[in-house]
Amino acid sequence: PAPIPPPEPPAPPPALSLLTRHLFSPSAFALGVVERCAARTTPASCLGDKDLYGCTWTGVACQVGCATFESQIGCDTQGSLCAFDQDAGVCSFATHGCAAYRDIASCTTAGGACDWSEGTCFDIARANIVCHATSQEECRRDPAVPIAEQIPCTWHVEETIEIADARVYTGADAAAPNSTGLCVAERRCAVFTNSHDCAQLSPRCVFNFDQGACVSSRRVRERHRLCSPNADERHRSCREDPQTGGATFCNFSFGPAAGFCQRCGAFASADACDALFSDRGARRCRAKCFPDEPIPARLRDHTTYEYPAGY
């Protein structure tokens, strides 16, 4: 009789990954990805396995991102960083889980749940709840309390910017409305990508329409002289540039009634002024920098603002 062929060797076990998780028990999958992520000791190697094992870098170590787990068993392996929602059946960042992140890069990529302020990673949703319930007098940092132990709050007043330590209205109404304000979480300005969202953190943040970016008003003040017809007399006009002695004008980059003093020397011709986002800024550029050139009808001022001489 013909010899009986030897049995086929057993198939090798499937390689563990997010794609093969259904082939493993919840506990085996959880332990497997935890071990593999923990073996990555650098941010590059950790994030390189994000799509393979769900790894995320906390600033000091490589761990599995909370959303990777679909069961209580896996979620519990991350300790206080993650919490399992029994009703929704999802694992997400715990209320205090954001504090586990030690650098801005890992904090701000943590599922959109965290943000960075003064060297501390905090939970956005929790911070907003606390801040919204805080009075204006208490909506500030306490110098006697370590920064890491505080909820970062700031006082928000709609359509305003700080000029010379005063809040100045930046909107289109000739009569500035008196907004009472609200205490909000102190987010980074750069996280907002449009003017509407950026306005949620004024006067700390202001949208620069010429750059198309939400920027810190404090950083702008450090580099430029701010200007507005609603500001005090010192900041209603743009003086000569202290470095070059050349003329400057208010560019109205921050809205209908606010901007910063920009050098005329940056514009080669009157037509170059038209590159400014604001028609009002383009008009001031032409009037101040190229006084001998006529101002096109489309840029003629149609607002109720009265501009001081030299503005």
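Below, the figures for the structure above:
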item: Among the residues listed as L47, L52, the single one being of a type outside the set (S, T, N, Q) and under 25 Å from the mean Cα position of the chain (by Cα); result: L47
item: Residue match in the range 184-198 (condition: among the polar types (S, T, N, Q) and part of a helix (DSSP H, G or I)); result: yes
item: Among the candidates P229, P294, residue that is within 30 Å of the chain's Cα centre (by Cα), at pLDDT below 90 and part of a loop (DSSP other than H, G, I, E, B); result: P229
item: Filter result (open to solvent by 60 Å² or more (accessible area, probe 1.4 Å), assigned to a loop (DSSP other than H, G, I, E, B), free of Cβ contacts under 8 Å to residues at least 24 places away in the same chain and under 23 Å from V34 (Cβ atoms)) within the range 81-111; result: Q86, A88
item: Pairs where the first residue, in the range 29-48, is among the charged types (D, E, K, R) and the second is not in a helix (DSSP H, G or I), C-beta under 6 Å, 6+ apart; result: R40/C62
item: Any hit, the range 89-106, residues being at pLDDT 80 or above and over 27 Å from the mean Cα position of the chain (by Cα); result: yes
item: Selection from the range 183-209 of residues that are hydroxyl-bearing (S, T, Y) and open to solvent by 70 Å² or more (accessible area, probe 1.4 Å); result: T193
item: Among the candidates L31, L18, residue that is over 19 Å from S106 (Cα atoms), outside any helix (DSSP H, G or I) and of a type in the set (A, V, I, L, M); result: L18
item: Residue in the range 169-182 that is open to solvent by less than 50 Å² (accessible area, probe 1.4 Å), without any contact (Cβ under 8 Å) to a residue 40 or more places away in the chain, among the aromatic types (F, W, Y) and touching a strand residue (DSSP E or B) at 6+ places or on another chain (Cβ under 7 Å) present; result: no
item: Odd one out for C114, checked against (1) crowded, with 21+ Cβ neighbours inside 10 Å; (2) more than 12 Å from the chain's Cα centre (by Cα); result: (2)
item: Among (1) surrounded by fewer than 20 Cβ atoms within 10 Å (Cβ to Cβ); (2) hydroxyl-bearing (S, T, Y); (3) modelled with pLDDT under 85, the one test that S135 misses; result: (3)
item: Subset of the range 10-31 that is open to solvent by less than 100 Å² (accessible area, probe 1.4 Å) and out of contact with any helix residue (DSSP H, G or I) (no Cβ under 8 Å at 6 or more places or on another chain) - its residue that is farthest from T77 (Cα to Cα); result: A11
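Per-residue answers, yes or no, for (1) over 25 Å from D173 (Cβ atoms); (2) assigned to a loop (DSSP other than H, G, I, E, B); (3) open to solvent by 30 Å² or more (accessible area, probe 1.4 Å):
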site: Q211; (1), (2), (3): no, yes, yes
site: R219; (1), (2), (3): yes, no, yes
site: D241; (1), (2), (3): yes, yes, no
site: T244; (1), (2), (3): yes, yes, yes
site: F252; (1), (2), (3): no, yes, no
site: G255; (1), (2), (3): no, yes, no
site: F260; (1), (2), (3): no, no, no
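The values are calculated or read from the model by the stated rules, or taken from the named source; none is laboratory data. Not measured: the values here are computed from a predicted model. So basically every Cβ, Gly included, is an ideal-geometry build from the backbone, and we count neighbours across all protein chains shown. What goes into the accessible areas is simple: the full protein's heavy atoms, side chains included, and nothing from ligands, DNA or RNA. Shrake-Rupley method; radii C 1.70, N 1.55, O 1.52, S 1.80 Å.
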